[in-house]
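What follows is one structure encoded as structure tokens, with my remarks underneath.
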Amino acid sequence: MIFGAVLAGGVGSRMHMSGMPKQFLPLGEKPIVIHTLEKFLLCSRFDRVYVGVHPQWLLHMQDLVDTYVREQADRVSLVPGGGDRNDTLFRVVAKIEEDFGESDEHVIVTHDSVRPFVTLRMLEENIDGALQHQAVDTVMASTDTIVVSQDGEKVTEIPERRFMYQGQTPQSFNMNLLKKLYADLTAEEKAKLTDAAKIFTLRQYPVYLVQGDVSNMKITTVTDYEIAQAMIGMGRK
């Protein structure tokens, strides 16, 4: 079976725009997270779409589901989020197994709630990639030279740009393999995780690439939010 996992457990500490997490801010006529959720619901291959939400915002998220996607609410399940991204992800995994049991065939497509411009093409290619390879990551080839600095003061290394990519989401995995590799990590390795794909790379398991898009931006700062509002405005013309 194939499951979507929209990760909306953050509190948006870098936005400093309102008293609510950034995923609930309005984008055009709907909250950011609803734009993202609607993209997942457009993909008929998902058996269920799970949304990991900070526990204090579960009721608010349920209200949004009832307001904006009521006709497909039976395909959406809300899960109380954890202390960080991966904690939220594995709470979603646990809920999937509670609902549908454990299976070597389960695929999970994970995505940032604040990347509302994900496309159906990306979702489809993530599903196909995970079914074929068991682990895929959505990326964009870097258009800028990447500079490495170990101390933040001087350049340590300048890698070849042709090998550099900017990571996006979705990231998609065989769910049992994801659990197995995560369980094998040390506490120190788990503490350094930035995203789920790194679970695989830490154990030298191949993660294949899916082509992202410059429009698949993550709304993190006020400037990002303003750009996203402009993109929504242009889409309505």
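The values are calculated or read from the model by the stated rules, or taken from the named source; none is laboratory data. These figures come from a predicted structure and were not determined experimentally. Reconstructed Cβ throughout: ideal geometry from the backbone, glycine too, with neighbour counts over all protein chains shown. These area figures cover heavy atoms from the full protein model, side chains too; ligands, DNA and RNA do not enter into them. Shrake-Rupley method; radii C 1.70, N 1.55, O 1.52, S 1.80 Å.
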The listed residue being closer than 30 Å to residue 160 by Cα and free of Cβ contacts under 8 Å to residues at least 12 places away in the same chain, out of 66, 128, 137:
128
Among (1) more than 16 Å from residue 197 (Cα to Cα); (2) open to solvent by less than 50 Å² (accessible area, probe 1.4 Å); (3) in contact (Cβ under 8 Å) with a residue 60 or more places away in the chain; (4) out of contact with any Phe, Trp or Tyr (no Cβ under 8 Å at 6 or more places or on another chain), residue 101 falls short only on (3)
Given (1) of a type in the set (Gly, Ala, Ser); (2) open to solvent by 50 Å² or more (accessible area, probe 1.4 Å); (3) in contact with a helix residue (DSSP H, G or I) (Cβ under 8 Å, 6 or more places away or on another chain), identify the lone condition not met by residue 152.
(3)
Would you point out which residue out of 193, 209, 185, 202 is surrounded by 13 or more Cβ atoms within 10 Å (Cβ to Cβ), among the hydrophobic types (A, V, I, L, M, F, W, C) and at pLDDT 95 or above?
209
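Residues being small (Gly, Ala, Ser), part of a loop (DSSP other than H, G, I, E, B) and out of contact with any strand residue (DSSP E or B) (no Cβ under 7 Å at 6 or more places or on another chain): count how many of those fall in segment 84-141.
Here the count works out to 2.
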Take the residues in segment 104-149 that are of a type outside the set (D, E, K, R), modelled with pLDDT of 95 or more and exposed (fewer than 14 other Cβ atoms within 10 Å of the Cβ); name whichever of them is nearest to the chain's Cα centre (by Cα).
120
Sort through 8, 73 and tell me the only one that's modelled with pLDDT under 95 and surrounded by fewer than 16 Cβ atoms within 10 Å (Cβ to Cβ).
73
For residue 46: the one exception among (1) open to solvent by 20 Å² or more (accessible area, probe 1.4 Å); (2) assigned to a loop (DSSP other than H, G, I, E, B); (3) within 29 Å of residue 179 (Cβ to Cβ)
(1)
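Take residue 163 and tell me if it is farther than 17 Å from residue 84 by Cβ, of a type in the set (Phe, Trp, Tyr) and loosely packed, with under 15 Cβ neighbours inside 10 Å. Break it down stepwise before answering.
On the way: farther than 17 Å from residue 84 by Cβ: yes; of a type in the set (Phe, Trp, Tyr): yes; loosely packed, with under 15 Cβ neighbours inside 10 Å: yes.
Answer is yes for this residue.
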The residue that is modelled with the lowest pLDDT, considering only those in segment 218-237 that are open to solvent by less than 30 Å² (accessible area, probe 1.4 Å) and under 16 Å from the mean Cα position of the chain (by Cα), is 220
Test set (1) in a helix (DSSP H, G or I); (2) open to solvent by 20 Å² or more (accessible area, probe 1.4 Å) - residue 178 fails condition number:
(2)
